[in-house]
Amino acid sequence: MELKEQFEKAVADSKNLSEKPGNDTLLKLYSLYKQATEGDVTADPPSNPFDFVAKAKYNAWSGLKGKSNDEAMNDYIALVNKLRSN
């Protein structure tokens, strides 16, 4: 199976996990997904200092700067597979 197909399957599988992952894991899934599909973050950081969710998402994604799309896809697939086996 091609990497893109494996990634798309992992995205679908992530929506059907037996239990909801914790916030740290959700942020990791989010940032890996964004890095895999869009590459490095290009948007400005959130301007509202009290929007903690947006700030956490931005920081998680920007922390992956320089990681290739393929690396991010592989990491996302591995994380979803780990969550499914728990």
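Under the condition of being among the basic types (K, R), under 18 Å from L27 (Cβ atoms) and surrounded by 12 or more Cβ atoms within 10 Å (Cβ to Cβ), the residues counted in the stretch 40-86 number 3.
Suppose we filter T25, T37 for residues that are out of contact with any helix residue (DSSP H, G or I) (no Cβ under 6 Å at 6 or more places or on another chain), β-branched (V, I, T) and free of Cβ contacts under 8 Å to residues at least 40 places away in the same chain; which single one remains?
Numbers: T25 fails: free of Cβ contacts under 8 Å to residues at least 40 places away in the same chain.
On inspection, the qualifying residue turns out to be T37.
Does at least one position in the stretch 1-18 carry a residue that is surrounded by 13 or more Cβ atoms within 10 Å (Cβ to Cβ), under 10 Å from the mean Cα position of the chain (by Cα) and not hydroxyl-bearing (S, T, Y)? Yes: the stretch 1-18 contains one or more residues that are surrounded by 13 or more Cβ atoms within 10 Å (Cβ to Cβ), under 10 Å from the mean Cα position of the chain (by Cα) and not hydroxyl-bearing (S, T, Y). Picking from residues in the stretch 11-22 that are among the aliphatic types (A, V, I, L, M) and touching a residue at least 12 places away in the same chain (Cβ under 8 Å), the one that is farthest from A78 (Cα to Cα) is L17.
Any chance you could count how many residues in the stretch 7-25 are among the small types (G, A, S) and under 22 Å from A56 (Cα atoms)? So that I can check it myself, show each step before the final result.
If we filter the stretch 7-25 for residues that are among the small types (G, A, S), which is where we start, we get 10, 12, 14, 18, 22.
Right, trim to under 22 Å from A56 (Cα atoms) and you get 14, 22.
The qualifying residues number 2.
Computed from the coordinates by the stated procedures, all read-outs in this text should not be read as laboratory data. Keep in mind it's a predicted model, so treat the numbers as computed, not measured. Neighbour counts run over all protein chains shown; Cβ positions are idealised from the backbone, glycine included.
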